[in-house]
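Colleague: Quick one: the structure is below, and I'll ask about it shortly.
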Amino acid sequence: MARRLIYIRIIHAPSDFGSVAGTLETVGGEMLSVAGWRRHQENVAAFWDRLRTELTKRLEKDLPGADWGRLRIYQDGMPVGGEDARRIVDEVAEAGSPNYRLVRELVARGAGIELTEDAGLLGEEYELVRKLAAASGPVEKAQAVHAYRQRSDVLLRARDMFIAKQIDKTLREGELGLLFIGALHRVTDYLAPDIAVTALS
């Protein structure tokens with residue numbers, strides 16, 4: 001049996017970003033206006049409602065007999081697997097993340113959640129974003145933006161390559177993987193050729 005992967009491009013909610021969530025709320029309100037940010041949040045919630053419906057239909061078709069043990073979950077930003085990953089999923093789901101609430105439902109049914117990302121690469125990107133969010137004054141902001149732009153593409157590519165290797169290493173014959181990943185990623189460029197990929201938008 002083939003290895004299969006459902007590739008899901010996600011929209012992040014602020015609650016996905018942990019300690020920088022409050023800063024993102026502030027920046028979002030400044031960039032879009034308070035009303036514009038509220039509309040964006042409503043769109044994010046609607047996206048996750050539609051995705052939950054579509055994914056449920058898809059899994060009923062692809063996992064006959066609800067064989068949840070054959071489902072492996074790969075989550076954008078997840079640097080651990082197993083019980084450590086379950087704890088993170090519970091914590092972020094409780095903080096209100098629609099992404100992690102959906103993952104928590106699937107794990108509760110018996111799906112496995114895998115180490116997906118390299119902690120070092122995530123830490124470097126987090127630090128760039130933190131400096132960007134904390135920058136005060138036009139000079140410091142310009143420096144933070146420049147540093148982020150210089151490094152972000154390289155980091156994104158390195159993260160995608162690592163994610164693809166993790167999927168290849170952990171997705172076994174006859175299993176179905178779910179990759180929840182941000183829209184800028186290009187993990188499919190690096191996946192093993194024997195993994196059959198279907199996009200769910």
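Colleague: On average over all directions, what projected area in square nanometres does the chain have, based on the convex hull of its Cα atoms?
Modeller: Values: hull surface 45.1 nm².
The Cα convex hull of the chain, projected and averaged over all directions, gives 11.3 nm².
Colleague: At a 10 Å Cβ-Cβ cut-off, how would you order Ile73, Ile113, fewest neighbours first? Kindly include the intermediate steps, with their values, before the conclusion.
Modeller: Working: Ile73 21, Ile113 25.
Taking fewest neighbouring Cβ atoms as first place, the list is Ile73, Ile113.
Colleague: Given a cut-off of 20 Å, what percent of all Cα-Cα pairs of the range 122-201 lie beyond it? Numbers along the way, then the final one.
Modeller: Values: 1459 of 3160 pairs.
For the range 122-201, the share of Cα pairs beyond 20 Å comes to 46 percent.
Colleague: Among Ser97, Ser136, Ser152, which one moves the most in a GNM of the chain with springs linking Cα atoms closer than 10 Å?
Modeller: Between Ser97, Ser136, Ser152, it is Ser136 that shows the largest mean-square fluctuation.
Colleague: Once you place label points 7 Å from the Cα toward the Cβ at Glu83 and Glu127, how far apart are they in nm?
Modeller: Between Glu83 and Glu127, the simple spin-label model gives 3.1 nm.
Colleague: So how tilted is helix 82-94 from the main axis of the chain? Cα-based, degrees 0 to 90, rounded to 10.
Modeller: 50 degrees
Colleague: Any idea what % of Cα-Cα pairs in the range 160-201 are farther than 11 Å? Intermediate values should be presented prior to the final figure.
Modeller: Values: 574 of 861 pairs.
Considering the range 160-201, 67 percent of its Cα-Cα pairs are separated by more than 11 Å.
Colleague: Rank the residues Leu5, Leu115 as a footprinting-exposure proxy: fewest other Cβ atoms within 10 Å of their Cβ go first. Walk me through the intermediate numbers first.
Modeller: Details: Leu5 23, Leu115 19.
Fewest-to-most ranking of Leu5, Leu115: Leu115, Leu5.
Colleague: While we're looking at this one, here's another question. So for the range 3-200, averaging the separation of alpha carbon pairs under 8 Å that are six or more residues apart and normalising by length, what relative contact order in percent results? The partial results should precede the final answer.
Modeller: Numbers: 255 pairs, mean separation 76.7, N = 198.
Taking the mean separation of contacting Cα pairs over the length of the range 3-200, I get 39 percent.
Taken together, the values in this text are just the output of simple stated rules run on the coordinates, not laboratory data. Since we're looking at a predicted model, the values are computed, not measured. Neighbour counts are summed over all protein chains in view; Cβ atoms, including those assigned to glycine, are modelled from backbone coordinates with ideal geometry.
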